[in-house]
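> Here's a structure for you.
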Amino acid sequence: MSSQPILSCERLCSDYRQYFDPKAYRDVSVTDFIDVYRFFIRQLHHIFATDVRGESILDVGCGPSVFTALVASRTFDDIVLSDFLRQNREQVKKWVMNDPSALDWSPIIEYVARVEQFSDLEKGSEEVAQRTRKTISKIIACDITTPGIIIGKHSGTFDAVVSSLCLESAIADDITYCSTIAGIAKLIRPGGYAILCGLTGNLGYVLGEKTFKCFAYPQELVKVAFMEAGFVNKGWIEQPREALGSKDSLFDTAFVTWWVKS
């Protein structure tokens, strides 16, 4: 099960603080990686419509994106977004405030409206965006390499925690991966859910002229980490990169998996 460590957590944190560009990330998300995001959106829509329910949900490591919130806002009344980087949190706040300088996530919003089967995609996109802005209650700092995950004071648990394309970017080894899942478990009420959108075998990605290395974990590590943290698997859906128009990308499969806390 052991995977090859990448950079140290300290080096990863330093690189992200210094080089991560939210706008470049947005541009890659709606072009090179758009089919990966569409896959995630379809699966999250199905999961929230058929299985995972509740009042509150936390997104761990949302980045500058609001895509999980766009889907979750149809089911959940209280959404908390969290990220390690100040520049990402600032971009999300701009979007929530409908700031004219906010990143443009309209291609993602329109696809959510399409999945929700709005006949008028323009009006549907407006409804999805407005609904999501009203549902996001907090934007807070997090660090998935620390035991509490959330930075600062926090009390209570969530009905669900979701994380997308975060763990492979911020974790350097198997041990840290398992401890992060254990930390996420503490944020979820008994009977609540953890939902993970990720990429197996992900070696890294490029933003502008900077290459960010990733932790190329196997499927087995994900399953072992969740089981050791006290979860029971409810589903695992995956697609190979070739089926997602990502032949040149450095990953094996995109997956969505969800687990219930026993």
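> How big is the Kirkwood radius of the stretch 9-261, worked out from every pair of different alpha carbons and given in Å to one decimal?
This gives a value of 18.1 Å.
> Okay, next question. Does the stretch 29-94 come out rounded, prolate or oblate by the C-alpha gyration tensor, with a ≥ b ≥ c the root eigenvalues, rounded set by a/c under 1.5 and, if not, prolate when a/b is larger than b/c and oblate if not?
Since a/c reaches 1.5 but b/c is at least a/b, the shape of the stretch 29-94 is classed as oblate.
> As a quick test, which of the pairs Lys138/Lys186; Lys94/Lys153; Lys134/Lys213; Lys94/Lys123; Lys210/Lys261 have an alpha carbon distance above 27 angstrom in this structure?
Lys134/Lys213; Lys210/Lys261
> So, one more: Taking the simple approach of a point 7 Å from Cα along Cα-to-Cβ for both Arg53 and Thr31, what is their distance in nm?
4.3 nm
> For the stretch 66-205, compute Rh as the Kirkwood radius over C-alpha pairs and then the Stokes-Einstein diffusion coefficient at 4 °C and 1.567 mPa s; write the answer in µm²/s, rounded to an integer.
Approximately 79 µm²/s, per Stokes-Einstein.
> Right, something else. Give me the distance in nm between label points sitting 7 Å out from Cα along the Cα-to-Cβ direction at Ser14 and Thr146, one decimal.
The two pseudo-label positions are separated by 2.0 nm.
> Also, quick follow-up: For the stretch 103-180, just say rounded, prolate or oblate: build the C-alpha gyration tensor, square-root its eigenvalues into a ≥ b ≥ c, call rounded for a/c under 1.5, and beyond that prolate if a/b exceeds b/c, oblate if not.
prolate
> Further question: Once you order the gyration tensor axes a ≥ b ≥ c over the Cα atoms, which shape class does the stretch 193-247 get: rounded for a/c under 1.5, otherwise prolate or oblate by comparing a/b with b/c?
Because a/c hits 1.5 or more and a/b exceeds b/c, the stretch 193-247 counts as prolate.
> Could you check the simple spin-label distance between Lys186 and Lys223, using points 7 Å along Cα→Cβ, in nm with one decimal?
2.8 nm
> Another one. Between Glu209 and Arg86, how high is the FRET efficiency from 1/(1 + (r/R0)^6) when r is the Cβ-Cβ distance and R₀ = 25 Å? Nearest 0.05.
That pair, Glu209 with Arg86, gives E of 0.70.
We did not get these values from a lab; they are worked out from the coordinates using the rules stated. None of the values given here were measured: they were computed from a predicted structure. Neighbour counts are summed over all protein chains in view; Cβ atoms, including those assigned to glycine, are modelled from backbone coordinates with ideal geometry.
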